[in-house]
Every structure is written in C-alpha cells, then in structure tokens.
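Comments concern the structure below.
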Amino acid sequence: MREKNLLVTGTPGSGKTTVVEKMLETLGEHNPSGFFTKEVKKGGIRTGFELVSLDGRRRILSHVGIRSRYRVGKYGVDLESFEAFLDELSLFEPGTGLIVIDEIGKMECLSGKFCTLVNRVLDSSIPFLATISVSGPALLDEIKARDDVVLMEIRRETRESDADALSRKVGELLAG
C-alpha cells in the first residue's frame, strides 16, 4: 500500500503546528484544504482553542468559559460549533492536492463526525498531512498503525532538522 498519509506527532509545545504552518507557505500550488487549531490567549494565559480553516474561516472549538458536557481538562468543547465548521470545509473539491488537519486529538475525537471525516480522508486518494496527539483515544493508535501512514516526530530540541526531514517527506508525498 502506498504511504500517502503523513502524520506529525510530538509532545505539546514541540512545534508540530508551527512546522506544518511554515511548510504550507510553500505548498500553495498544491491547493491545500483543511484547518489548524490555534490557542486562544488572554493576558498570556491560554483560555481555549480556535479553529482556523485554510481559507480563513474561524470558530471556537473549546474555551474555559464554555459550559458543555464535553470537556477536556479545564476546557468546555463546543461540539455543535465544531461539527458545523466541519460541514463548511471543502476538502474533496476537484483540484485539492493536499488535505491538512491540525490536529487529530482528544478534543476533536469527541466528534463522531470528525472521526468519520478523518477516516474518509485517510482512505481517499488525496495526500494527507496532519498533526496527531501522542496519546488519546484508541482511534489515534489505530490511525498510527495503518499501512499507508508515515509517522514523524517533532522534538523541541531538534525542531529545525525535524522540519527539514518533514519537508522532504511532504515533497515525496506530493510527487506521488
């Protein structure tokens, strides 16, 4: 089976999202589609997470001020808003050359719609670049164990050389 799914893992703060975002600056010709999860801060303190699509749309995923039965740590997760955001994504449009998801993690996996979407992307013919939590629900281990997945780890101390290796791998992935 051809490895066409590239997953980036690492501990929180290792730079996974930063490395993938920087890489995307050079991949515009491949018409990437997808989203990033960004920290929301107030007074330098993280208060939640925001979803940002590659075409600029934004929604709150989680926040300390959200009352929800869905919680991860101190954050209430707005599952309804997240699933509405997913419905607005155009991942499988003709011409999409790369799908990017940051991140496949505990909060995101609370959504059955998200889990179904991730499996659909993994099974599609479109190259896939995602960040994935080191640990979490069983689905994460199942995804990492797939034959068509390449798993690369980013470490804070070796972030620059890890980013170079990831860039080379993305080039190979897009070359087919």
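The values are calculated or read from the model by the stated rules, or taken from the named source; none is laboratory data. Just so it is clear, the structure is predicted and the values come from calculations on it, not from any experiment. Note that each Cβ is placed from the backbone with ideal geometry, even for glycine, and that neighbours are counted across all protein chains shown.
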Which of the residues that make up region 56-86 are among the charged types (D, E, K, R) and without any contact (Cβ under 8 Å) to a residue 24 or more places away in the chain? Arg58, Arg67, Arg69, Arg71, Lys74, Asp78, Glu80
Considering residues that are loosely packed, with under 13 Cβ neighbours inside 10 Å and over 15 Å from the mean Cα position of the chain (by Cα), the number found within region 1-35 is 6
How many residues does region 97-112 contain that are surrounded by 15 or more Cβ atoms within 10 Å (Cβ to Cβ) and over 10 Å from Pro32 (Cα atoms)? 11
Can you go through Lys169, Lys74 and tell me which one is modelled with pLDDT of 95 or more and surrounded by fewer than 20 Cβ atoms within 10 Å (Cβ to Cβ)? Lys74
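Somewhere in region 48-66, is a residue surrounded by 13 or more Cβ atoms within 10 Å (Cβ to Cβ), of a type in the set (S, T, N, Q) and either in a loop (DSSP other than H, G, I, E, B) or over 18 Å from the mean Cα position of the chain (by Cα) (or both)?
No, region 48-66 has no match at all.
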Output yes when any residue across region 15-33 is modelled with pLDDT under 90, under 23 Å from Asp141 (Cα atoms) and assigned to a loop (DSSP other than H, G, I, E, B), and no when none is. yes
Which residue out of Leu86, Leu140 is touching a strand residue (DSSP E or B) at 6+ places or on another chain (Cβ under 7 Å) and of a type outside the set (Phe, Trp, Tyr)? Leu140
For Pro94, work out the one condition from (1) surrounded by fewer than 13 Cβ atoms within 10 Å (Cβ to Cβ); (2) modelled with pLDDT of 95 or more it doesn't fulfil. (2)
Filter result for Lys38 (loosely packed, with under 14 Cβ neighbours inside 10 Å and either farther than 21 Å from Lys16 by Cβ or of a type outside the set (Phe, Trp, Tyr) (or both)): no
Considering only residues that are over 24 Å from Ser14 (Cα atoms) and touching a residue at least 12 places away in the same chain (Cβ under 8 Å), which ones fall in region 88-113? Glu88, Leu89, Ser90, Leu91, Phe92, Glu93, Gly95, Thr96, Gly97, Ser111, Lys113
